[in-house]
1. I need the full set of residues from the range 343-380 which are touching a residue at least 12 places away in the same chain (Cβ under 8 Å), open to solvent by 60 Å² or more (accessible area, probe 1.4 Å) and over 27 Å from Val465 (Cα atoms), in order please.
2. Within the range 439-451, identify whether any single residue is open to solvent by less than 90 Å² (accessible area, probe 1.4 Å), modelled with pLDDT of 95 or more and within 30 Å of Leu277 (Cα to Cα), and answer yes or no.
3. List pairs: first in the range 425-442 and closer than 19 Å to Phe461 by Cα, second at pLDDT below 95 and open to solvent by 70 Å² or more (accessible area, probe 1.4 Å), Cβ under 6 Å, 6+ apart or cross-chain?
4. Working carefully through the options Leu426, Leu441, find the one that is assigned to a loop (DSSP other than H, G, I, E, B), of a type outside the set (Ser, Thr, Tyr), farther than 20 Å from Met469 by Cβ and in contact with a helix residue (DSSP H, G or I) (Cβ under 8 Å, 6 or more places away or on another chain).
5. Name the single residue, out of those in the range 391-412 being of a type in the set (Asp, Glu) and within 21 Å of Arg489 (Cβ to Cβ), that is farthest from the chain's Cα centre (by Cα).
6. Go through (1) open to solvent by less than 30 Å² (accessible area, probe 1.4 Å); (2) of a type outside the set (Phe, Trp, Tyr); (3) modelled with pLDDT under 95; (4) more than 19 Å from Tyr307 (Cα to Cα) one by one and return the number of the condition Glu411 breaks.
7. For the range 381-396, what are the residues that are part of a helix (DSSP H, G or I) and either buried (at least 17 other Cβ atoms within 10 Å of the Cβ) or touching a residue at least 12 places away in the same chain (Cβ under 8 Å) (or both)?
8. Kindly provide the set of residues from the range 239-281 that are in a helix (DSSP H, G or I) and open to solvent by 10 Å² or more (accessible area, probe 1.4 Å), ordered by number.
Amino acid sequence: MGNASSIEPTKTIFLDIDGKKEKIMFSRHCGTRDIHDLIAHAAGVSRYAEISLKDSTGAFVSLNPTMPINTQSSPYKVTSKEPSPTTESSNGDGEVFTQVLSQVASQFNKVFKVEEIKTDIATRLSALERKMELEGLKAVEIEKCKRDISDIKDQIWNAQKKFVDFNRLSSLSDERKISLKRDVPSYPKYTLSQETIEYLKQPTFDIWHWEPNEMLSLLEHMFHELGLVAEFNINPITLKRFFLCVQENYRNNPFHNFRHCFCVTQMMYGMIHLCHLWEVMTREDLGILMTACVCHDLDHPGYNNTYQINARTELAIRYNDISPLENHHCAVAFKILSNPECNIFANVDKDTFKRIRAGITMLILATDMARHGEIMDNFKMKLEPEFDYKNKDSLDTLKMVLIKCCDISNEVRPMEVSEPWVDCLLEEYFNQSDREKMEGLPVAPFMDRDKVTKPTAQIGFIKFVLIPMFETVAKLFPVIDSTMVEPLRIARDRYEDMKEKNSMPPPPSQSNKKKTVTEK
């Protein structure tokens with residue numbers, strides 16, 4: 001009984017090979033190629049020969065394990081054809097192998113329904129992505145509801161205490177909160193090429209070739225690639241909304257606009273990779289650096305601190321003439337984060353958020369150029385005799401210097417990228433000086449359109465601010481000397497040549513030359 005049950009069921013096929021009756025038997029588990037070779041052997045031809053079968057009506061029969069069973073009186077007529085010598089000599093087993101591979105692939109697709117599976121997987125993935133987005137929206141709504149309940153509790157408590165705690169974000173009224181004017185746009189997902197991914201890490205990155213939506217996608221990529229989304233457990237939809245809200249809260253100034261924000265953030269991303277900052281800083285520190293860059297000029301009005309103070313603007317009065325713009329940028333940043341739909345730090349604990357808030361505030365305030373000398377002197381002291389990465393004060397100073405470098409790093413980039421920024425900056429300066437003249441306020445010489453030129457605007461700044469600052473950082477990270485300091489030296493020399501050419505008297509005209517010769 002055991003032997004009988006182990007015998008595989010077989011099929012018997014009758015053949016007519018040139019008038020000679022033959023019979024073959026094969027298991028139902030045999031492959032098409034096995035049956036082909038079996039018939040070829042019976043017909044006395046090579047295994048590379050083409051075999052075809054016809055039934056008694058002259059119809060072709062498919063050569064495979066499922067072919068219909070026939071009888072001895074109605075055999076299948078076998079026709080065989082050997083491959084030509086030319087084909088065999090030129091292609092040999094390679095062509096036969098290709099044919100076999102094609103047959104195997106075809107059978108594989110039929111048996112396992114590969115295309116159907118691929119389509120099904122793609123459909124399931126799309127559905128899953130949509131579900132994640134919906135879950136993300138649900139999480140945001142839940143968080144918003146929690147905040148609203150917390151606000152109500154705070155209002156009741158404050159009403160009882162008869163004063164308001166302005167140190168809490170939740171104390172902001174709905175009117176004062178910053179909300180998105182539009183939701184995440186339904187533009188297609190951008191797929192970054194490997195070339196763009198690597199190029200994005202370079203200080204030479206050309207920021208002029210990207211549209212606003214593309215810049216948003218590049219910012220998202222930076223946060224994902226640095227592991228910040230995982231570090232702070234950021235909902236991807238919330239991250240999109242955060243960047244979108246940030247973009248909406250940069251004004252269309254000639255210089256201090258969203259492209260400048262992207263420019264500064266990309267340079268920080270480049271310095272993180274160039275200096276391998278993850279080896280000396282925590283991922284939390286990197287997140288603070290990147291977020292501070294994104295927010296560092298939020299709602300910049302296009303007129304600097306000097307104007308705010310001299311004109312006694314609302315910002316200057318609110319912040320007692322102490323870094324009014326930088327304080328305002330911080331305030332706007334945390335108003336955006338007070339909106340649950342945009343709060344990328346919603347999932348961190350209170351102590352972590354406290355550190356993040358303090359760190360971002362410290363870095364944005366450090367971008368006030370009035371503090372440049374103070375911060376650089378402090379940093380130089382920290383370098384002697386040896387920089388201590390484990391010391392919090394030293395690390396904070398380094399982070400302040402890094403954001404300062406990124407904020408004024410345009411001349412590090414190639415000339416075709418940096419020079420348009422000079423035009424943008426001068427336009428913003430001239431707008432301010434024109435207004436100062438009209439309002440009877442003091443005018444800085446470097447902003448006066450009647451006194452400043454492109455070379456004079458840049459030479460002193462590069463020589464006395466940029467090169468010394470980047471050279472100091474290069475003592476800690478030597479790679480900066482060749483990648484950043486050297487381009488600055490080249491830019492300085494270029495502007496000095498430009499200044500020299502501009503100061504040269506124009507060559508005499510041809511008519512003057514002829515007159516001089518005649519007189520002689």
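The values are calculated or read from the model by the stated rules, or taken from the named source; none is laboratory data. Just so you know, these numbers come straight off a predicted model, no measurement behind them. All Cβ positions, even for glycine, are placed from backbone atoms using ideal geometry, and neighbour counts span all protein chains on display. Remember, those area values only see protein heavy atoms, side chains included, never the ligands or the DNA or RNA. Shrake-Rupley method; radii C 1.70, N 1.55, O 1.52, S 1.80 Å.
1. Listed by number, the residues that qualify are Asn347, Arg355, Arg357.
2. No, the range 439-451 has no match at all.
3. Phe430/Arg449
4. The unique qualifying residue is Leu441.
5. Glu411
6. It is condition (3) that Glu411 fails.
7. Answer for the range 381-396, where residues must be part of a helix (DSSP H, G or I) and either buried (at least 17 other Cβ atoms within 10 Å of the Cβ) or touching a residue at least 12 places away in the same chain (Cβ under 8 Å) (or both): Lys382, Leu383, Ser394, Leu395, Asp396.
8. Lys240, Arg241, Gln247, Glu248, Phe258, Arg259, His273, Leu274, Trp278, Glu279
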